[in-house]
Amino acid sequence: MEIMAAGVFSGGLAAVSYYVAGLEWLAHGFLVWVVLGVTTTAGHTLRTAVRRATAVLLTGVLVFYLGRQWIYVLEYPGADYAVDPERMAAWLVLAVLAGIACGTVFRHIGREGWSAAIATTTAIGLLLGDLARDLYPSLRTDPVFAVCTSLVVLVILLLAVGSKRQFGRIALLVLPCAVGGMALLVASELLERLAW
């Protein structure tokens, strides 16, 4: 039940932020979704982690698209706006794939060893890649976005680092994973532009 509530809350937050000046980054980036992926899967078995991540991401995407339509109709009475079923279906499929990936990878966060370091830096890499994308090309970003991203990275590190050795593993992998995170974000944007 808490998984569904987390999905409803995060999808609703992303839908509202889509229309709020200065908070659009919540609707267009990885922050909300990485937080969901990490908090619902860390420390769980593979089957449980995949099930939880998939359920929360499916719920979040569904609420985001339906909530975005509902808010639009409230903001602009009489305007004609409908959810694009093809786009929503594509994002629901991506939510399932992301749920499988998040559950498989992020469940290791908080453990010791290289798999946990890879899981941790994958989450951090997605967030840093998102921040880098926002910084390019102007080298400016919304300070609230930067602070929120930094706080989430700090929380992930607090969950993940249990020893100096584990911190060293994570430090070695952060930069390559940040580049990978940025590439994944750019690829998702290109896919959306090409498909719609």
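The values are calculated or read from the model by the stated rules, or taken from the named source; none is laboratory data. These numbers come from a predicted model, not from an experiment. Quick reminder, even Gly has a Cβ in these numbers, built from the backbone with ideal geometry, and neighbours come from all protein chains shown.
Below, the figures for the structure above:
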item: Residue match in the range 23-30 (condition: in contact (Cβ under 8 Å) with a residue 24 or more places away in the chain, aromatic (Phe, Trp, Tyr) and farther than 21 Å from residue 86 by Cβ); result: yes
item: Residue check for residue 92: crowded, with 21+ Cβ neighbours inside 10 Å, within 20 Å of residue 189 (Cα to Cα), in contact (Cβ under 8 Å) with a residue 12 or more places away in the chain and in contact with a helix residue (DSSP H, G or I) (Cβ under 9 Å, 6 or more places away or on another chain); result: no
item: Members of the range 21-43 found to be surrounded by fewer than 17 Cβ atoms within 10 Å (Cβ to Cβ) and modelled with pLDDT of 90 or more, listed by number; result: 43
item: Every residue from the range 97-107 that is farther than 19 Å from residue 183 by Cα and surrounded by fewer than 24 Cβ atoms within 10 Å (Cβ to Cβ); result: 100, 104
item: Number of the condition not met by residue 62 [criteria: (1) over 18 Å from the mean Cα position of the chain (by Cα); (2) modelled with pLDDT of 90 or more; (3) not small (Gly, Ala, Ser)]; result: (1)
item: Positions within the range 4-37 being more than 15 Å from the chain's Cα centre (by Cα) and of a type in the set (Val, Ile, Thr), in sequence order; result: 16, 20
item: Filter result (without any contact (Cβ under 8 Å) to a residue 12 or more places away in the chain and either within 24 Å of residue 92 (Cβ to Cβ) or not in a helix (DSSP H, G or I) (or both)) within the range 162-187; result: 187
item: Those residues of the range 132-155 which are modelled with pLDDT of 85 or more and aliphatic (A, V, I, L, M), in sequence order; result: 144, 146, 147, 151, 152, 153, 154, 155
item: Residue identified as under 30 Å from residue 48 (Cα atoms) and among the β-branched types (Val, Ile, Thr) among 141, 121; result: 121
item: Matching option when the condition is among the small types (Gly, Ala, Ser) and crowded, with 16+ Cβ neighbours inside 10 Å, among 181, 168; result: 181
